[in-house]
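Trainee: Before I ask anything, here is the structure I am working with.
The values are calculated or read from the model by the stated rules, or taken from the named source; none is laboratory data. Keep in mind that this is a model prediction, so the values were computed, not measured. Cβ coordinates were reconstructed from backbone atoms using ideal geometry, including for glycine residues, and neighbour counts include every protein chain displayed. For the accessible areas, the whole protein counts, side chains as well, though only heavy atoms, and no ligand, DNA or RNA atoms are used. Shrake-Rupley method; radii C 1.70, N 1.55, O 1.52, S 1.80 Å.
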Amino acid sequence: MTGASWRRLLAEFTGTALLVTAVVGSGIMASTLSPGDVGLQLLENSTATAFALGALILIFGPVSGAHFNPVVSAADWFLGRRAGTGLTGRDLGGYVVAQVAGAISGSVLANLMFDLAAVDLSGSDRTGSHLWLGEVVATAGLILLIFALARSGRAPVAPAAVGAYIGAAYWFTSSTSFANPAVTVGRAFTDTFAGIAPGSVPGFVAAQLVGLAVGTTLLLALYPDAGRAADQVVVPTEDPAPTA
């Protein structure tokens, strides 16, 4: 791979890891500071996640596009194929591996920061058609938001918009808006507030893939030429200037 390719994969790995660290770590802190008040715990967790996501997009967006999410990368590849934009198939494979590895590492890091076992598989069962429906809605909405911003030339506001959407979706979806297969896998490695039992992961990931299909279909109906802007997702990428 070229140096630019490695930088992009490193950005996706690190950004996804720090995102999951924020999700899991703020969940642990919320449970510690607000025991017995699940509503307040969710508020603290969602607020920290929304702010962290926006900041991470600002940091890593210019390098990799700050996808941090296999469904975003898959949509970028699919929509950009005909226009010759977005990720290649090889890029997509690399992004997904980096994102999943980063998500698992993020859970391990959060566990260690709070003096817990590095790996402690979650016992929180999250299963049921109502939760899967919540994941379809959350994921479809995320795809629509990201690519609508890119197509309409408003990609620079993505850090605030995506952070706000995910923070809000914690509250208006029954599943608390995982909307990300890599993050879902990563959160199985922590038995804390943000965890999900390994047995519940396949159902969530399947629902997220359905959400990807729904969101992409709606996007193409609303913005038929959305693929032309695939290079602008989530933030326009630019290779660092060569050094002498």
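Trainee: What's the number of the only condition in (1) under 19 Å from A182 (Cβ atoms); (2) open to solvent by 10 Å² or more (accessible area, probe 1.4 Å) that T49 fails to meet?
Mentor: (2)
Trainee: Here is a follow-up. Which of the residues spanning the stretch 1-45 are open to solvent by less than 20 Å² (accessible area, probe 1.4 Å), of a type in the set (G, A, S), over 19 Å from F114 (Cα atoms) and out of contact with any Leu (no Cβ under 6 Å at 6 or more places or on another chain)?
Mentor: Residue satisfying the conditions is A11 alone.
Trainee: Next question, about the same structure. Out of the stretch 53-79, which residues are of a type outside the set (A, V, I, L, M, F, W, C) and under 13 Å from F147 (Cβ atoms)?
Mentor: G65, H67, N69, S73, D76
Results for (1) under 21 Å from A179 (Cα atoms); (2) more than 18 Å from the chain's Cα centre (by Cα); (3) touching a residue at least 40 places away in the same chain (Cβ under 8 Å), shown as yes or no for each residue.
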| site | (1), (2), (3) |
| --- | --- |
| E12 | yes, no, yes |
| L18 | yes, no, yes |
| G27 | yes, no, yes |
| S31 | no, yes, yes |
| P35 | no, yes, no |
| L40 | no, yes, no |
| E44 | yes, yes, no |
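Trainee: Is it the case that some residue within the stretch 78-93 is among the basic types (K, R), surrounded by fewer than 15 Cβ atoms within 10 Å (Cβ to Cβ) and without any contact (Cβ under 8 Å) to a residue 12 or more places away in the chain?
Mentor: Yes, some residue in the stretch 78-93 is among the basic types (K, R), surrounded by fewer than 15 Cβ atoms within 10 Å (Cβ to Cβ) and without any contact (Cβ under 8 Å) to a residue 12 or more places away in the chain.
Trainee: Can you tell me which residue among A48, A66, A55, A83 is within 14 Å of the chain's Cα centre (by Cα) and either modelled with pLDDT under 95 or part of a helix (DSSP H, G or I) (or both)?
Mentor: After applying the criteria, what remains is A55.
Trainee: Among the residues of the stretch 132-165, which ones are within 10 Å of G54 (Cα to Cα) and crowded, with 23+ Cβ neighbours inside 10 Å?
Mentor: Correct list: A158, V162.
Trainee: Here are some residues: V136, V97. Which one is modelled with pLDDT of 95 or more, aliphatic (A, V, I, L, M) and farther than 22 Å from S64 by Cβ?
Mentor: Only one candidate passes the filter, namely V136.
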